[in-house]
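Structure, as structure tokens:
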Amino acid sequence: GDSKQYDLVSPKMILDSNATDDNGAKLNAFSVLCLGALTSILPAFFIYEYSGIGRGLESVSESIGATDDATEAFALVGTVYLFAYLFDINVWNPQGILAAIFSTAVALVTVLALLCLTGTNPQVPICIFSVVVPLFLVGLKHLLFRSVSTVAYLQKTSVILVFVGSVVACIFLTWIILPMIYPNLHTIDPTGMGNEWDSETRALYAYQAGCKADFEDLSHCQNYNTFEPCFFRYQSEGAPPYVHFSSICTNHCLDVYDDCPIPFIVWVNPGLAALSLIIMGFIAKFINPKNVMNEKVMTVIKSSAVFLFLFWIFASLAGAGGGLTGSLIAFAISMFIGTSIMAATVLWRETPDDDIIEKAMKNNTYYLDIIKGFVLLAFSPLVPVYLILSALSQMARKAKSQVTGVPLEYKGCLTQKCAEQYDDFKTNWDHSKVLSYAVYWGAGYVFFNVLASKFTTVFLSWLIEFTSEMSILSVTGIVVLVGLSLFMLPPIPGLPIYLTGGIVLVSVGRETMGLINAIAYATSIALGTKLLACVIQQKVIGGMLGGFVSVKQMVAVNSDGIRAMRLILSEEGITARKVSVLVGGPDWPTSVLCGILGLDLLPILYGSLPVILVILPTVLTGSFAFMGSLETDDGLDKYPWADTMGTISSALAACVLFYFAFAAAGAISSTCTTDKEKIAALDYDKEVEVADAELSKLNAVRARVTVWSNVPILFKLLLITSVLSMIVCCYILVGFSEQSFKAYDLMYTIDEHLGGNWTSIVKPLGRVALLLFIISYILLSLFNSWANHETQKNMDASNAAEFEPLTQSAPSHDVYV
């Protein structure tokens, strides 16, 4: 075939931005240069003002004393906004200069007030950056490039964003290896280790940022002469401190700053800015008006989520300080808002088009319900405030009507807009589904924030201690068995398995093999575990169990995406798109599909070998996290560069994973488009067709059963209580994390730091939150049990003719995206 057809992710595909629509002109070279220069302004200002490369620590220190100013600014903005809302200032001069000035002034004061909170909420600048950049670009479009079509503008902008983000990333990596210089430009870091993230950097950043040391459980770490941490030393009076650890004052005394996330966030801000720009660039490139959440956009989003998850795990292990989870969640939300601004720009284009918007909403109903669930979980406590303000505004309108004698068009208790929104919520929302999604969102947060962070760290610390006296062969057997068990679960990817191997095997093998050989050994074991899992998934699950309809249905053999994968995997030899699917596709479904198709094992294993490009940086991430926790007899970091290299390796792992995932999505999408006839010629599995039809009937009946008006009051209360319990649980874990869990590091021991009881990591307030989580999930399970029972009862009582219109109208979603 045409080789161009299979050019999965080439520079030409990224940089070719000549596409346009019929409603506008293209950007010429000079315009692109001007747009690039203007786009660079915000990243340059952000890096200078809010990162360690510039005066980020000074900005944070200055903002600590500006909290009162921020409070006053918020009070002013709130008062002005309340006045504007109550007295409908938006209708005074909606298209004139007054409305523009007012909106700009309120937005500017709000941003400045938020930036004044940087000292207590260091994630604020990067969150504002992720929202302001797309707004800035949209503003430039309307001010300077009005004649250019929106699609063409965004495509050129995508190239600029990716380029600027790459430049920022290069600047960040270059800065890391440079010597650390204090703001006065006179004193160089005595360790001479540069700007990498290590114990010295963390201590110095905490000092310069004005972090408060907590000696409550670490009284031996306090210098009673200076009342500062014991690791600070001074070369001369008035000079800035340097860091000196000893056998008495080890780097564990850095835990006095556990509740301060400022140092790490200020240090990593350039990297987060680069990530933000690159993600927005790719999403701007691949958004299209007909299907906002298309395969390529979803691949970018999923890969970004994987990177944030991997980065979060590493940063937590590397001692990034408390509040990291909330900071990364805030960053992810701001990224969502920023990319939503870009999506809205494409949907609206130059003028609002109701048909485009309506079609886009219809095409993405599935995702809209999920988003509604998140909004309900995160912002429902603000709903009563909004209702009160709406009622007050309506009262003001009624008073104005009585004074002026002008009749009021709408005379309800709430404003007309609020009433319409309430009616839409009451009549058009799928309450059962949205409320269930809200609980699932909360369950996901609790899982990642508690199970994947707190308890995983405790488990790994126990495993390191437990295996420290074992032979490398025994530990290898444990790692392989645990890895294979996880690989047999369809939703579990390989990343946590590789990460664990990098920590445990290196910790045991470094004494006998040496560090480099131990890392190489851990990498080979991870690769061997992956290939062995492929053998079991293909030959046992796919080959022996592939005849079971449930297995084939779980793989979704009749879906368009899997049929395209079937065509690709059936190709003779090793092709680029075949390798991309084997490495970038979902682990379990891909290997099982190979077994169902009866493909030869050895070529599949050979084509899977490039997975080493994902395994190696992931193993290194775990290894560096372990190495960063080691110290010398004098209390110094044994590998002061390890934490920095861990950050780089986690980013590298995410980039490689992104490439293969994007290449797989591109290969499948290209195959679905260019090989329609070959895909259509493939036989459908009749048994799976029947099972899918039954599942469609089941889903259609369930949708009818769970219509809110049909749900009994008892089960409505169960589901509502479930959501309320999950909301309270998540608000406790987000707002009171320090009061819910004890600080615990990878190299801690359960006996020494948790009193021999691993459950003591959860404080009383955390136990309340987890109890609410359990209650919420039990209540949701009861609701689902009722829904399943009623669904089956309705199916048993109905005939086939009743199902036909339901299944025809029910939306279908491809399993593989």
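Report the label-to-label distance for residue 717 and residue 749 in nanometres (one decimal), using points 7 Å from each Cα along the Cα→Cβ vector.
If labels sit at residue 717 and residue 749, their model points lie 5.3 nm apart.
When the distances between all Cα atoms of region 600-680 are binned every 10 Å from zero, what whole-number percent does each bin get?
17, 27, 25, 16, 9, 4, 1, 0
Would you mind checking region 135-164 for residues with the amide N under 15 Å from a putative spin-label position 7 Å along Cα→C-beta of residue 30?
Answer for this model: 145.
Just need the Rg to Rh number for region 587-636, please, alpha carbons only, Kirkwood Rh.
That ratio is 1.35, to two decimals.
Of the peptides 670-681, 270-281, how do they stack up when ordered by the mean number of other Cβ atoms within 10 Å, highest first?
270-281, 670-681
Given 0.36 nm per residue, what is the gain on full extension from residue 655 to residue 400 after removing their alpha carbon distance, in nm?
Working: separation 255, 0.36 × 255 = 91.80 nm, distance 5.91 nm.
Full-extension gain reported as 85.9 nm.
From the backbone phi of region 33-40, what are the Karplus-calculated ³J(HN,Hα) couplings (6.51 cos²θ - 1.76 cosθ + 1.60, θ = phi - 60°) in whole Hz, Gly and Pro given as x?
Once rounded to whole Hz, the list reads 4, 5, 4, x, 5, 5, 5, 6.
In Å³ and rounded to a whole number, note down the convex hull volume per residue for the Cα atoms of region 398-490.
Values: hull volume 13.8 nm³, N = 93.
So the per-residue hull volume is 149 Å³.
Please pull out the direction-averaged projected area of region 647-747, using the convex hull of its alpha-carbon atoms, in nm² to one decimal place.
Hull-based average projected area comes out at 13.9 nm².
Multiply the residue separation of residue 731 and residue 709 by 0.36 nm, subtract the distance between their alpha-carbon atoms, and state the gained length in nm to one decimal.
4.9 nm
Taking amide hydrogens as modeled 1.01 Å from N in the peptide plane, which residues meet the under 5 Å criterion relative to residue 148, leaving out close sequence neighbours?
25
Mark the label point 7 Å from the Cα of residue 469 along Cα→Cβ and return the residues of region 735-764 whose backbone N is within less than 19 Å of it.
In region 735-764, the label zone of residue 469 (backbone N under 19 Å from the point 7 Å along Cα→Cβ) covers 748-753, 756-757.
Once the convex hull of the C-alpha atoms of region 365-448 is built, how many Å³ does it hold per residue, rounded to a whole number?
So the per-residue hull volume is 93 Å³.
Mind listing the phi-derived Karplus ³J(HN,Hα) values for region 777-788, rounded to whole Hz, using 6.51, -1.76 and 1.60 with θ = phi - 60°, and x for any glycine or proline?
5, 5, 5, 5, 5, 5, 5, 5, 5, 4, 5, 5
Sum up the charges of everything whose Cβ sits under 14 Å from the Cβ of residue 787, counting Lys and Arg as +1 and Asp and Glu as -1, but leave residue 787 out.
Details: positive: 433, 702, 704, 716, 793; negative: 430, 790.
It works out to a net charge of +3.
Counting only protein heavy atoms and a 1.4 Å probe, tell me what percentage of region 47-92's accessible area is made up of carbon and sulfur.
Details: 1630 of 2570 Å².
Ligands and nucleic acids excluded, carbon and sulfur reach 63 percent.
Provide the per residue accessible area, probe 1.4 Å, for region 680-766, rounded to a whole number of square angstrom.
Each residue of region 680-766 exposes 53 Å² on average to a 1.4 Å probe.
What nm distance separates the two modelled labels at residue 84 and residue 600, each placed 7 Å from Cα along Cα→Cβ?
6.9
Between their Cα atoms, which of 530/638; 552/676; 398/426; 433/676; 285/530; 530/578 are more than 27 Å away from each other?
530/638; 433/676; 285/530
Taking the convex hull of the alpha carbon atoms in region 682-722, what volume per residue do you get, in Å³? Numbers along the way, then the final one.
Details: hull volume 3.6 nm³, N = 41.
Roughly 88 Å³ of hull volume per residue.
Between residue 111 and residue 44, what length in nm is gained on full extension when 0.36 nm per residue of separation is reduced by their alpha carbon distance?
Working: separation 67, 0.36 × 67 = 24.12 nm, distance 1.79 nm.
Extra length available between residue 111 and residue 44 comes to 22.3 nm.
Using the Karplus equation 6.51 cos²θ - 1.76 cosθ + 1.60 (θ = phi - 60°), what ³J(HN,Hα) coupling, rounded to whole Hz, does each residue of region 545-562 give in order, writing x for Gly and Pro?
Per-residue couplings from phi come out as 9, x, x, 7, 4, 4, 5, 5, 5, 5, 6, 6, 5, 9, 6, 4, x, 6 Hz.
Using modelled amide H (1.01 Å from N, peptide plane; none on Pro or chain starts), what sits under 5 Å from the amide H of residue 741, excluding residues fewer than 5 places away?
Those lying under 5 Å, H to H, from residue 741 are 763.
Any number yet on Rg/Rh for region 421-474, C-alpha, Kirkwood? Could the numbers behind the result be given before it?
On the way: Rg = 21.3 Å, Rh = 14.6 Å.
Rounded to two decimals, Rg/Rh equals 1.46.
What ranking do 611-624, 571-584 get when scored by the average of other Cβ atoms within 10 Å per residue, highest first?
Taking the mean over residues of other Cβ atoms within 10 Å, the ranking is 611-624, 571-584.
Quick check on packing: order 557-568, 771-782 by the mean number of other C-beta atoms within 10 Å, highest mean leading. Intermediate values should be presented prior to the final figure.
Working: 557-568: 21.8, 771-782: 18.4.
Output ranking for 557-568, 771-782: 557-568, 771-782.
Dimensions of region 493-623 along principal axes (Cα, Å, largest first)?
That gives 51, 29, 22 Å along the principal axes, largest extent first.
Would you grab the residues whose amide H sits under 5 Å from the one on residue 223? Only those 5+ places off in sequence or on another chain, please, with H modelled 1.01 Å from N.
Here 228, 230 satisfy the definition.
For labels at residue 689 and residue 778 in the simple 7 Å Cα→Cβ model, what's the distance in nm?
4.7
Give me the distance between the Cα centres of region 492-529 and region 99-127, rounded to whole Å.
Cα centroid of region 492-529 versus Cα centroid of region 99-127: 45 Å apart.
The values are calculated or read from the model by the stated rules, or taken from the named source; none is laboratory data. Values in this document were obtained by computation on a predicted structure and should not be read as measured data. Glycine also receives a Cβ, built like all others from the backbone with ideal geometry; neighbour counts cover every protein chain displayed. Side chains are part of the model used for accessible areas, which takes the heavy atoms of the whole protein and leaves out ligands, DNA and RNA. Shrake-Rupley method; radii C 1.70, N 1.55, O 1.52, S 1.80 Å.
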